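Novice: Below are the structure tokens for one structure; questions will follow.
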């Protein structure tokens, strides 16, 4: 057996996999829709998009972070089956949880199920219902994704941890507040063009600077919202994909990485080793790298995260992401459009659904169906989805042939 | 593509998989040991048993039910990596959650990862820390595995739901209180011989009948405890297994099934369709069925569950499990020994760890290392692990060649 992870990944033994259907709900404060409503809406859209019936489905995966604390419910995978009208098929229904990366981890497990031959048609859903919780409850929920004993219990908040990363990025790499703020400005501009986006209003860098401070240097407009929403994707073996859709999208590579839960134990505050490991594995499987990528969705929970991700995934050298953002290279029409959906900042961050909303966006782009936000001739795309403050990362490489 | 699930399952495209290492903690009220301590203890034992090093591990899966409510922590997979000293390898670390079936689902995802070629060596850990919670908190935790809106919120408890199943089994199939009680008596007898078991005292049917009533007809001695504990298993491709161990155990089949979360929506109270579907898939992959099984671990959260499982997995016809139990056919030395570990009833039920403790027990049996509880010449074994009141079920078929 090979000992180099990239070498191993390149030679995965299984079948090739394609995305044949996508479905999303609008993200936002969806007070009229329950957890059950959201997951069913996105699921039915994806099933229709894939031209399949319930009896065709071999397995279901569900990504959701903290259903115990948001809706008082664990064991949500069979709940999803039930409310989608699929209970009588008794298929495997599996929930995965990896904080904000839950959706992409679920997608990845679905891919492995098809590659292994365990399932032919797999439905992967991500869902979260965040806005029914009070601010205090939400703080507890978000804190549960960080190291409870070493961070949350002693008062560190998610924003405070990311503020440390932002300060370190500024100190080590020369990143400026304008560069950080431009991430939010760009993603709000993109969100204007996405019918599923939570925020549809343009903002300026001055507004970002002047917004209420949350954790210095991050004002409120550096922070993504916590949203309600769901997103679903349907997978099948690549060789069978054309019997379901004229526009299959190949899963070229999937990589996942981990790191310490607590920030203080990591080797650097300005790069995420979990994301670098995930990207290395995904690119190795795909057989191509960042220079081939036409469009990407990156996990911009805070503005600094997009800059770190741009560098971790190899789109820019260390310290290069901020200046490039300021110069418009990552905007629609720029050299490498990032977060055409609006990203977490403007599309919204329905935690367990976010990774699958990223994949749905890239699939739309590669199908040339992204309408007002379409990246011209996009053939290869990447999604980057992280959990907590970066202890989990998943990178997914997608392409049309 | 085949449309019959069993037909599909039989032809999985991936590599064969073996268990090459196991490790367990004692189950019980482990007030001296934290979640982190438990998972590390079991993990290190399994890694030593498999003769591997940290750098050999390609992926880690963690099964745990309700860490948000027990230890205030989601996102536990990277926590496990960190506390096992593995953070610097940045391997994929994935938590799955399916209530009491979490451990077996994690095992199954690990098997799919190896089959697919995504990973060669996979460590799968299950862990739960139940006994630091108050009775009220525990009721909330257990209730979160049932249908929160339709069952728990309106006052149905886990024991009440299972009491309905027990009454239905008595009414429909002629099962008696003595038959139910004998499950607990037998499993306490078995637990006496397991060094990891929580309860090491024999009980009589009279004691079961006379114990305090929880939900008629289930007295306290019909109910498994909720325990602290962890269990870990190491997997690799079957073809490589002999380079790690002299006694590899082949994963002959793995099946998973689902059903409605709420009991009222199911077609029967006396059989679990999720378990029947899981068993059908596992047997189909293995190429053998219940007649070939030498030993099994079944999910006896309540005494009635063992009888239902005995019938769902085909060891006895409907209504036959109770009389067979009373006649000693399922005891050590009987025709088909069930729960030689003591089962959930006597070994204990550390929720997310239970499925992996079952697998560790069967692996010990197939390696001929189960000492005082060894089933003579055991070559084929089965594990059956369910979540909630039966909305999730996993069946695993293991064999030595």
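Novice: Given the criterion modelled with pLDDT of 95 or more, within 27 Å of residue B:217 (Cα to Cα) and surrounded by fewer than 24 Cβ atoms within 10 Å (Cβ to Cβ), identify the matching residue among B:328, B:348.
Specialist: B:328
Novice: Of all residues in the stretch A:374-401 being at pLDDT 95 or above and more than 18 Å from the chain's Cα centre (by Cα), which is surrounded by the fewest Cβ atoms within 10 Å (Cβ to Cβ)?
Specialist: A:377
Novice: Next question. Do the conditions hold for residue A:251, that is, is it touching a strand residue (DSSP E or B) at 6+ places or on another chain (Cβ under 6 Å) and within 14 Å of chain B (Cβ to nearest Cβ)?
Specialist: Spelling it out, residue A:251 is indeed touching a strand residue (DSSP E or B) at 6+ places or on another chain (Cβ under 6 Å) and within 14 Å of chain B (Cβ to nearest Cβ).
Novice: Another question, if that's okay. Does the stretch B:54-79 hold any residues that are assigned to a loop (DSSP other than H, G, I, E, B) and out of contact with any helix residue (DSSP H, G or I) (no Cβ under 7 Å at 6 or more places or on another chain), and which are they?
Specialist: Scanning the stretch B:54-79 gives B:72, B:75.
Novice: Now, a different point. Kindly evaluate residue A:99 against the criterion of being buried (at least 24 other Cβ atoms within 10 Å of the Cβ), in contact (Cβ under 8 Å) with a residue 24 or more places away in the chain and at the interface with chain B (Cβ under 8 Å from one of its Cβ atoms).
Specialist: yes
Novice: Give the number of residues within the stretch A:315-331 that are over 18 Å from the mean Cα position of the chain (by Cα) and closer than 18 Å to residue A:384 by Cβ.
Specialist: 10
Novice: Identify, from the list A:37, A:88, A:82, the residue that is under 14 Å from residue A:230 (Cα atoms) and either within 10 Å of another protein chain (Cβ to nearest Cβ) or outside any loop (DSSP other than H, G, I, E, B) (or both).
Specialist: A:37
Novice: Could you pull out the residue among B:176, B:232, B:219, B:204 that is in contact with a strand residue (DSSP E or B) (Cβ under 8 Å, 6 or more places away or on another chain) and outside the structural domain of residue B:52 (by TED's automatic domain parsing)?
Specialist: None of the other options fit; the residue is B:219.
Novice: Mind telling me which of the residues A:304, A:293 ends up being within 19 Å of the chain's Cα centre (by Cα), assigned by TED's automatic domain parsing to the domain that holds residue A:364 and over 27 Å from residue A:157 (Cβ atoms)?
Specialist: Selected residue: A:293, the only one of A:304, A:293 that is within 19 Å of the chain's Cα centre (by Cα), assigned by TED's automatic domain parsing to the domain that holds residue A:364 and over 27 Å from residue A:157 (Cβ atoms).
Novice: Does at least one position in the stretch B:334-341 carry a residue that is buried (at least 19 other Cβ atoms within 10 Å of the Cβ), part of a loop (DSSP other than H, G, I, E, B) and free of Cβ contacts under 8 Å to residues at least 24 places away in the same chain?
Specialist: No: the stretch B:334-341 contains no residue that is buried (at least 19 other Cβ atoms within 10 Å of the Cβ), part of a loop (DSSP other than H, G, I, E, B) and free of Cβ contacts under 8 Å to residues at least 24 places away in the same chain.
Novice: Answer with yes or no whether residue A:146 is in the same structural domain as residue A:322 (by TED's automatic domain parsing), under 20 Å from residue B:76 (Cα atoms), modelled with pLDDT of 95 or more and not in a strand (DSSP E or B).
Specialist: Spelling it out, residue A:146 is indeed in the same structural domain as residue A:322 (by TED's automatic domain parsing), under 20 Å from residue B:76 (Cα atoms), modelled with pLDDT of 95 or more and not in a strand (DSSP E or B).
Novice: Identify, by number, the condition in (1) more than 11 Å from chain A (Cβ to nearest Cβ); (2) crowded, with 24+ Cβ neighbours inside 10 Å that residue B:106 doesn't meet.
Specialist: The single condition residue B:106 does not satisfy is (1).
Novice: Now, a different point. Residue A:377 - would you say it is farther than 26 Å from residue A:28 by Cβ and touching a helix residue (DSSP H, G or I) at 6+ places or on another chain (Cβ under 6 Å)?
Specialist: So residue A:377 fails the test.
Novice: Please specify each residue of the stretch A:109-140 satisfying the condition of being surrounded by fewer than 24 Cβ atoms within 10 Å (Cβ to Cβ) and farther than 21 Å from residue B:113 by Cα.
Specialist: Matches in the stretch A:109-140: A:131, A:132, A:133, A:134, A:135, A:136, A:137, A:138, A:139, A:140.
Novice: Right, something else. Which one of these does residue B:152 not meet: (1) within 13 Å of chain A (Cβ to nearest Cβ); (2) out of contact with any strand residue (DSSP E or B) (no Cβ under 9 Å at 6 or more places or on another chain); (3) touching a residue at least 40 places away in the same chain (Cβ under 8 Å)?
Specialist: Answer for residue B:152: the failing condition is (3).
Novice: I'd like to know if the stretch B:160-168 contains one or more residues that are more than 8 Å from chain A (Cβ to nearest Cβ), surrounded by fewer than 22 Cβ atoms within 10 Å (Cβ to Cβ) and touching a strand residue (DSSP E or B) at 6+ places or on another chain (Cβ under 7 Å).
Specialist: yes
Novice: In addition: When you scan the stretch A:286-310, how many residues do you find that are surrounded by fewer than 24 Cβ atoms within 10 Å (Cβ to Cβ) and part of a helix (DSSP H, G or I)?
Specialist: So the count comes out to 3.
Novice: If a residue must be surrounded by 22 or more Cβ atoms within 10 Å (Cβ to Cβ) and closer than 15 Å to residue B:130 by Cβ, how many such residues does the stretch B:21-51 contain?
Specialist: Total satisfying the criteria: 6.
Novice: Restricting to the stretch A:377-390, and then to whatever is within 14 Å of another protein chain (Cβ to nearest Cβ) and in contact with a strand residue (DSSP E or B) (Cβ under 6 Å, 6 or more places away or on another chain), can you tell me which residue is nearest to residue A:19 (Cα to Cα)?
Specialist: The extreme case among them is A:385.
Novice: Would you pick out the residues in the stretch B:53-66 that are modelled with pLDDT of 95 or more, at the interface with chain A (Cβ under 8 Å from one of its Cβ atoms) and farther than 19 Å from residue A:277 by Cα?
Specialist: Correct list: B:65 only.
Novice: Any residue in the stretch A:264-278 that is more than 29 Å from residue A:205 (Cα to Cα), more than 9 Å from chain B (Cβ to nearest Cβ), in contact with a strand residue (DSSP E or B) (Cβ under 8 Å, 6 or more places away or on another chain) and in contact (Cβ under 8 Å) with a residue 24 or more places away in the chain?
Specialist: Among the residues of the stretch A:264-278, not one is more than 29 Å from residue A:205 (Cα to Cα), more than 9 Å from chain B (Cβ to nearest Cβ), in contact with a strand residue (DSSP E or B) (Cβ under 8 Å, 6 or more places away or on another chain) and in contact (Cβ under 8 Å) with a residue 24 or more places away in the chain, which makes the answer no.
Novice: Do we find a residue being at pLDDT 95 or above, within 21 Å of residue B:98 (Cβ to Cβ) and within 13 Å of chain A (Cβ to nearest Cβ) anywhere in the stretch B:234-246?
Specialist: Within the stretch B:234-246 (the criterion being at pLDDT 95 or above, within 21 Å of residue B:98 (Cβ to Cβ) and within 13 Å of chain A (Cβ to nearest Cβ)), the answer is yes, since at least one residue qualifies.
The values are calculated or read from the model by the stated rules, or taken from the named source; none is laboratory data. Owing to the predicted nature of the structure, the values given are computational and were not obtained by experimental measurement. Cβ atoms come from the backbone with ideal geometry, glycine included; neighbour counts cover every protein chain shown.
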